[in-house]
């Protein structure tokens, strides 16, 4: 290996070894350091693929340590600061950023889904590690890892993830196979997240009249109230929950039972309506009560849900004589499953603590407020301005609920003063203890204790709670789970690989290295920043000409010794974009634009999903390539999976009209609704005109 390094060094031309001022390297060094700090936070927050994320974090740490030493000992390493290493360090920074983004995506379910659908986690992991290791070696930094051990840990993550998904889809009220249930789970998560993001976007828009923003939401989601005259109250059933919940049925079908919950005059009607619009989409999830919509009678408004015959949890255990250990564990697990799904689609809220503030006791009925206080996280009880309702608050509330299930008692049941409860929980850190004769498993009790920890940072994640409760139920249940299914990981694995020895290029084309001075040593990162600078009219306001010179130079970059030049991919996208938009002089052969977009679109790093829709457009219209509708649809669907809204509309339109495919109305609805949820006007109009 050492001899090969020497041979490689000898092949470097004088141009490649030209000295570059250290000040030009400093932004790249700082950039990698910042990526490492961000990576640490992402790994701490990881809910899935924790081992894989840790492995990748350790690699980024290698880069951070190396560049830190480089900065501290720069006088001893003056020969390092040359032209080729300047370019290679940019490549290392690019790969480090991709690793950080990959960690962000595979650690949370809502962004992990696209990798699960493509079964590409291991593939991307290997590619990132391979490219990273190559540039670490090319820069003469040191790294020593056992690939076999890393792949074994990745496999363990995949196995855990498969088991998690098995348990999650068990909550779908359907008899489909695991694969079909998984698809339903994935599509529901994507759709509901799109709805949630659209609503948040419009509600955050500054407007003197918030009703205008709500009108936009109603227009997109086509919200219509339920017809009150279609329902009739069942007076044989007593009202529940402080007279707020009553039983109704359909006038045309008395077997269809519903719960009407009175909406308080002080509740935010728009917030309630938007949540119901989202929750209506979760009708297939048996661990989440069905929501049907809102209705009104005069000035009275009602939330309409399915009727729970046994009432809420408290009513259930108070009226049940055989609330045994298995039932308690089953109910705890079912609640955890529902909360995990709601967490995935960002709609989880165990009780309405989010807008609660004890400084305003008149806001709600005293009894109702007292009941909420029994489950409220201490940090929310007297809320400082900088404390927001979050997942850790949710975990605390769930922890209190677990105690209630175990003990069959209301928390602080002998205390009817919410101020006393605040003092006990927030100031004296009192928590209700388990009874001495409690039959609950030790793992269950320890989980509850951790969930109600006073410091939110020490509380477990909701995914961890689901895992522990699932293990408790399986261990103490008489019915053993024997389900099995396909492994999420790829069929072919090579766990017998030895130490990583990344391949090096045999030579380097020094003549293809860019003239850095011609664009003032602007890095690609800076060039992209300049590209994104716009004036108040939306026109480009950055140093566009210099940026384009940078893009063009790196697009034509020769071999720098690595397995792939990521800088080239970035530069080629922007080069094609600038030419297509007329920001730069067109080449003699404009067909090259389609070639550039295709190269970026097909690149497995997927850094520019926009390239897929742009190349799809070339295929659809025959611009620079032969017209090909089926291929265009393929690229539009890939871009739609990457959240490109115009691609969603294009794919929906093609499926609706059978362009390049067999007509498929269900797929058309799926894509068109996603585009509409993101506020795409053409999609909103299409949905209205075609009653979608």
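Provide 648, 195, 424 in ascending order of the number of other Cβ atoms located within 10 Å of each residue's Cβ, fewest first.
424, 195, 648
Could you give the angle, 0 to 90 degrees to the nearest 10, between helix 269-279's Cα long axis and the longest principal axis of the Cα atoms of the chain?
Tilt of helix 269-279: around 70 degrees.
So if each residue of separation counts as 0.36 nm, and I subtract the Cα-Cα distance between residue 315 and residue 205, what length gain in nm does that give?
35.5 nm
Need one word for segment 150-249: rounded, prolate or oblate. Basis is the Cα gyration tensor (sqrt eigenvalues a ≥ b ≥ c); a/c below 1.5 gives rounded, then a/b vs b/c decides.
oblate
When a/c reaches 1.5 or more, the comparison of a/b and b/c decides; with that in mind, is segment 567-692 rounded, prolate or oblate per its Cα gyration tensor?
Details: a/c = 2.14, a/b = 1.88, b/c = 1.14.
It comes out prolate by the Cα gyration axes.
For residue 382 and residue 621, calculate 0.36 nm times their separation in residues minus their Cα-Cα distance, and state this gained length in nm to one decimal.
Result: 80.0 nm gained on full extension.
Fewest first, what order do 691, 159, 535, 218 take by the number of other Cβ atoms within 10 Å? Please list the in-between numbers first.
Numbers: 691 6, 159 13, 535 9, 218 16.
Ascending Cβ contact count within 10 Å gives the list 691, 535, 159, 218.
Can you report the principal axis dimensions of segment 9-122 using only the alpha carbons, biggest first, rounded to whole angstrom?
Its Cα atoms span 48, 28, 19 Å along the three principal axes.
In nm, to one decimal, how far is the modelled label at residue 661 from the one at residue 430, with both set 7 Å along Cα→Cβ?
Calculated label separation equals 6.1 nm.
Calculated FRET efficiency, residue 215 and residue 455, Cβ-Cβ r, R0 51 Å, to nearest 0.05?
Efficiency for this residue pair is about 0.75.
Nearest 0.05, what FRET efficiency do residue 71 and residue 45 give at R0 = 30 Å with Cβ-Cβ as r?
In this case the efficiency is close to 0.60.
Provide the three semi-axes, in whole Å and in decreasing order, of the ellipsoid equivalent to the chain as defined by the square roots of 5 times the Cα gyration tensor eigenvalues.
51, 32, 24
Once the Cα atoms of helix 610-621 and of the chain are each reduced to a long axis, what angle between those two axes, in degrees from 0 to 90 to the nearest 10, is obtained?
80 degrees
With a cut-off of 8 Å between alpha carbons and a minimum separation of six or more residues, what is the relative contact order of segment 510-689 in percent?
11 percent
What percent do you get for the relative contact order of segment 17-168 when only Cα pairs under 8 Å and 6+ apart count?
Relative CO of segment 17-168 lands at 35 percent.
Which residues among segment 222-241 fall inside the zone where the amide N is under 18 Å from a point 7 Å beyond the Cα of residue 416, along Cα→Cβ?
241
According to a simple spin-label model (label point 7 Å from Cα along Cα-to-Cβ), what is the distance in nm between residue 238 and residue 346?
About 4.3 nm, to one decimal.
Give me the three principal axis extents of segment 396-467 from the C-alpha atoms, as integers in angstrom, largest value leading.
So the extents along the principal axes, rounded to whole Å, are 36, 30, 16.
Taking 7 Å along the Cα-to-C-beta vector as the label spot, tell me the residue 330-residue 689 distance in nanometres, rounded to one decimal.
5.2 nm
Just need the relative contact order of segment 187-306 here, percent rounded to a whole number, with Cα pairs under 8 Å and 6+ apart.
21 percent
Rounded to the nearest 0.05, what FRET efficiency is calculated for residue 261 and residue 160 with R0 set to 35 Å and r the Cβ-Cβ distance?
0.35
For residue 546 and residue 111 in the same chain, what is the full-extension length gain: residue separation times 0.36 nm, less their Cα-Cα distance, in nm?
153.1 nm
Does anyone have the angle between helix 147-169 and the longest principal axis of the chain? Alpha-carbon axes, 0 to 90°, nearest 10?
The angle comes out near 30 degrees.
Taking a ≥ b ≥ c as the square roots of the eigenvalues of the Cα gyration tensor of segment 579-650, is the shape rounded (a/c under 1.5), prolate (a/b larger than b/c) or oblate? Walk me through the intermediate numbers first.
Values: a/c = 1.85, a/b = 1.43, b/c = 1.29.
Prolate, since a/c reaches 1.5 and a/b exceeds b/c.
Ranking 22, 597 by Cβ neighbours within 10 Å, fewest first, what do you get?
If I rank by nearby Cβ atoms, fewest first, I get 22, 597.
Values quoted throughout were computed directly from the atomic coordinates according to the rules given, and no laboratory measurement underlies them. Note that the structure is a prediction, hence the values are computed from the model and not measured. When we count neighbours, we look across all protein chains shown, and the Cβ atoms used for this are built from the backbone with ideal geometry, even at glycine.
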